[in-house]
1. Just need a number here: residues in segment 148-190 that are farther than 28 Å from Asn93 by Cβ and either touching a residue at least 60 places away in the same chain (Cβ under 8 Å) or outside any helix (DSSP H, G or I) (or both).
2. I'm trying to understand the selection: among the residues of segment 135-147, which are surrounded by fewer than 22 Cβ atoms within 10 Å (Cβ to Cβ) and assigned to a helix (DSSP H, G or I)?
3. Taking strands (runs of 3 or more DSSP E) that do not extend beyond segment 17-110, which have at least 2 residues that are closer than 26 Å to Glu208 by Cα, touching a Ser or Thr at 6+ places or on another chain (Cβ under 9 Å) and acidic (Asp, Glu)?
4. If I filter segment 186-201 for residues that are small (Gly, Ala, Ser), surrounded by 15 or more Cβ atoms within 10 Å (Cβ to Cβ) and at pLDDT 95 or above, do I get at least one hit?
5. Does at least one position in segment 123-130 carry a residue that is of a type in the set (A, V, I, L, M, F, W, C), within 18 Å of Pro23 (Cα to Cα) and touching a Pro at 6+ places or on another chain (Cβ under 8 Å)?
6. What are the residue pairs meeting all of these: first residue in segment 200-217, first residue charged (D, E, K, R), second residue modelled with pLDDT of 90 or more and surrounded by 12 or more Cβ atoms within 10 Å (Cβ to Cβ), Cβ atoms under 6 Å, and 6 or more apart or on different chains?
7. In segment 20-41, is there at least one residue being among the acidic types (Asp, Glu) and closer than 14 Å to Leu119 by Cβ?
Amino acid sequence: MSTPQRRMVRATRQTGLFHQPEPKVAGIVLAAGSSRRMGQPKQLLPFRGRTVIERVVENALASSLQRVIVVLGHEAERIKPLLEQKSVTTVINSAYETGQSSSLKAGLNAIPVNFDAALFLLGDQPLVTAETIDLIMAGFADSHAPIVIPTFDGQRGNPVLFSRETFPLMDTLNGDCGARTLFQEYAGRIRSIEVQTPAILMDLDTEEDYRRLLARL
């Protein structure tokens, strides 16, 4: 199914005699980190004729996400020009060194008030496809769970979807704790979506991670 067809199919859901609009979900690509362990900006590493960040963004744009927001920080002046011809909103997080929570909140602040959820994508997971993103979104549309997490072979991965219900608590996060606090708060209401690819578990923290990624091509 082509991307336009997929979006048309997902535009409405039929419930009884009524058509219920699909939830509005924004994708937030977290790409502000300094890549200390990699030793160079991992967002700019070559991958399939592009850079890693370009592939991540292209996959997000090919999905049913209604908006894509990219949070930049370290090396933003080098990364932003790569995205200028793409239909994304870029946000600069000048406080990125204080931890990932600052990027989560920077992304949330860019979401329109009429959106129902945010899907947080890691800027170093170029193998996460539009199909995987759409599976997670479908899990939210069916359940309206506050958190939807993909799993592979029983292991949780990324990207993770958070409903608007969770936004006030997310806005209180500090430092590099990420979303662990939310997982604890909503532990009994998390929806898991099993996917058929280990890509949700693969990110790029070290040069060895990058070599393993290239070996999969």
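1. The number of residues fulfilling the criteria is 5.
2. The answer is Leu135, Ala138, Gly139, Ala141, Asp142, Ser143.
3. Working: elements: 18-21, 25-31, 67-72, 89-92.
Where strands (runs of 3 or more DSSP E) fall fully within segment 17-110, none carries at least 2 residues being closer than 26 Å to Glu208 by Cα, touching a Ser or Thr at 6+ places or on another chain (Cβ under 9 Å) and acidic (Asp, Glu).
4. The first filter runs over segment 186-201 and keeps only residues small (Gly, Ala, Ser), leaving 187-188, 192, 199.
Subset that is surrounded by 15 or more Cβ atoms within 10 Å (Cβ to Cβ): 199.
Imposing the further condition that a residue be at pLDDT 95 or above reduces the set to 199.
Yes: segment 186-201 contains one or more residues that are small (Gly, Ala, Ser), surrounded by 15 or more Cβ atoms within 10 Å (Cβ to Cβ) and at pLDDT 95 or above.
5. Initially, segment 123-130 is screened for residues of a type in the set (A, V, I, L, M, F, W, C), giving 127-128, 130.
Within this subset, residues satisfying the condition of being within 18 Å of Pro23 (Cα to Cα) are 130.
With touching a Pro at 6+ places or on another chain (Cβ under 8 Å) added as a condition, the list becomes none.
The answer is no; no qualifying residue exists.
6. If the second residue must be modelled with pLDDT of 90 or more and surrounded by 12 or more Cβ atoms within 10 Å (Cβ to Cβ), the pairs left are Asp203/Leu122; Asp203/Asp124; Asp203/Gln125.
7. Yes, segment 20-41 contains a residue that is among the acidic types (Asp, Glu) and closer than 14 Å to Leu119 by Cβ.
Yes/no matrix, rows are residues, columns are (1) acidic (Asp, Glu); (2) farther than 22 Å from Gly157 by Cβ; (3) crowded, with 21+ Cβ neighbours inside 10 Å; (4) in contact (Cβ under 8 Å) with a residue 12 or more places away in the chain:
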position: Ser94; (1), (2), (3), (4): no, yes, no, yes
position: Ala106; (1), (2), (3), (4): no, yes, yes, yes
position: Asn114; (1), (2), (3), (4): no, yes, no, yes
position: Ala117; (1), (2), (3), (4): no, no, yes, yes
position: Pro126; (1), (2), (3), (4): no, no, yes, yes
position: Ile133; (1), (2), (3), (4): no, no, yes, yes
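The values are calculated or read from the model by the stated rules, or taken from the named source; none is laboratory data. The structure displayed is predicted, hence computed values, not measured ones. Virtual Cβ from ideal backbone geometry, glycine too; neighbours counted across all protein chains shown.
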